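Comments concern the structure below.
Any read-out appearing in this document is the output of simple, stated calculations on the displayed coordinates, not a laboratory observation. The structure displayed is predicted, hence computed values, not measured ones. When we count neighbours, we look across all protein chains shown, and the Cβ atoms used for this are built from the backbone with ideal geometry, even at glycine.
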Amino acid sequence: MGRSSKDKRDIYYRLAKEEGWRARSAFKLLQLDQEFNLFTGVRRAVDLCAAPGSWSQVLSRKLRASEDKKGETRNEEVKEERNEEVKKEEERKEEVKIVAVDLQAMAPLPGVTQIQGDITKVSTAQEIVRHFSGQPADLVVCDGAPDVTGLHDVDEYIQAQLLLAALNITTHVLKPGGTFVAKIFRGKDVTLLYSQLRVFFSQVTCAKPRSSRNSSIEAFVVCLNYSPPEGYVPNMSNPLLDHSYDVDFNQLEGPNRIIVPFLACGDLSAYDSDQTYPLQLDASQEYRYTPPTQPPIKPPYQQACLLRRNNLLAKEDSLPLAQEDSLPLAHE
Ligand code: SAM
């Protein structure tokens, strides 16, 4: 198999390299933003489970970007106006704070502070708040995924736990009215998760970006307007899930059953992630292989890759789709 074959099979993998993203997941956040306008007015953002960092790249580029307004002009008044705008833009850029958290280390990114830590720990929440000098975040995103085992029930349960851990830490750091976006697996207990999210957010939507394969149960919850119940004290003990998981929430009826809207998002003319495309995408441009943008730092699977490359692994299992989807590009 040539090194270009993955470029053919996975258009978003290829585009990510060509546009300089560290992982194809970047497109998922970009497409969610197209639908929900997530970044407007955001000054403080948290990226939970951030490594290798493509969502942090999106945050950095979107929140800190300023168009170069220093264009040539002879008109002194316009020139001064533009310089003033540029100054304001620079000040705004200074104001923007992005914190990325992951168990793994990741290569540095402009304007992103990294915390190598566990999102289930209260100390991580405290560190985030310290980076924001005590101010709450406007936006929390989480693309967290456990190592997928291939046993669907187990994977869904662990993913649900991670999502609830992300919700817990979010209740420590998010401002009232703020936005929370997180990966979710649409398994059989997903309505329980929706109900729990609706306790904290007035609007919850389940969204599927074009770059997320139809064949994967992955989707994203976009939770708007953080409004915790009165008197709620943030804690890390997953009280909602742990004490009531035995209850069959899918049986709830009437006003107790929460059905959240489902939305396919991203420009409908965008590439289809389940389709194979020819290497030459348009007649005017010849295909050229692009190497991955940023190799991960010491990934936990390094040893396994080495063994596989040297044919020392006893058995070569193919990865379940949901996990293959979010592997960092440099892994390939
Ligand atoms: N959004 C990332 C990007 O665009 O590059 C990809 C994230 S990757 C799918 C999932 C990440 O979740 C892994 O890097 C893993 O280390 C992290 N993770 C899993 N459990 C975690 C935990 N308890 N605390 C912090 N990070 C965690």
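Worth a mention:
- Applying 1/(1 + (r/R0)^6) with R0 = 25 Å to the Cβ-Cβ distance of Glu286 and Arg9 gives a FRET efficiency near 0.80.
- Summed residue charge, Cβ within 10 Å of Ala45's Cβ, Lys/Arg positive, Asp/Glu negative: +2
- Look at Met236, Met106 and count the other Cβ atoms within 10 Å of each Cβ; fewest to most, that gives Met236, Met106.
- Calculated FRET efficiency for the pair Ser202/Asn235, C-beta based, R₀ 25 Å, to 0.05: 0.70
- Set of lysines near Lys87 by C-alpha distance (under 26 Å), chain-local residues within fewer than 8 positions excluded: Lys62, Lys69, Lys70, Lys79, Lys97
- Charge tally around Gly117: other residues with Cβ under 14 Å, Lys/Arg +1 each, Asp/Glu -1 each, net -2.
- The ranking of Leu306, Leu30 from fewest to most other beta carbons within 10 Å of each one's beta carbon is Leu306, Leu30.
- The fraction of Cα-Cα pairs per 5 angstrom bin, counted from 0 for the range 67-184, comes to 2, 10, 16, 17, 14, 10, 9, 7, 6, 4, 3, 1, 1, 0 percent, rounded to whole percents.
- A simple spin-label model places pseudo-atoms 7 Å from Cα toward Cβ; at Leu268 and Lys175 they are separated by 3.6 nm.
- The simple Förster model, with R0 at 35 Å and r as the Cβ-Cβ distance, assigns Lys121 and Thr149 a FRET efficiency of 0.90.
- Net lengthening on full extension, Glu89/Leu313 (0.36 nm per residue, minus Cα-Cα): 75.4 nm
- Extension gain for Asn225 to Glu76 (0.36 nm times residue separation, less C-alpha to C-alpha distance): 49.2 nm.
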